[in-house]
Amino acid sequence: MAVTYTLTGTTQSVTATNGSPNVTVASTTGWVVGATVQGTGWAAGTKIQSFVPNTSAVFTNNFTGTTGATSIIVS
């Protein structure tokens, strides 16, 4: 039997650059290192590697989407 998980969390806007794991962000409320990140352009299993509160973050995978603002779910 296959098991499917749906992650829930807070939707937030970040600014990402294609080919980079770095993002800029206005709010990191509720973020913790190791939390899972979901969103278009982020590989499955992407996590928060480090962050500077309410400024920027580094994720464990590079962004593959179009450079600019994008929505993510952090859970």
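Full extension of the segment from THR64 to SER13, taken as 0.36 nm per residue of separation minus the current Cα-Cα distance, would add 16.8 nm.
Note on segment 27-75: Kirkwood hydrodynamic radius from all Cα pairs is 11.0 Å, rounded to one decimal.
We did not get these values from a lab; they are worked out from the coordinates using the rules stated. From a predicted model like this one, the values you see are computed outputs, not experimental measurements.
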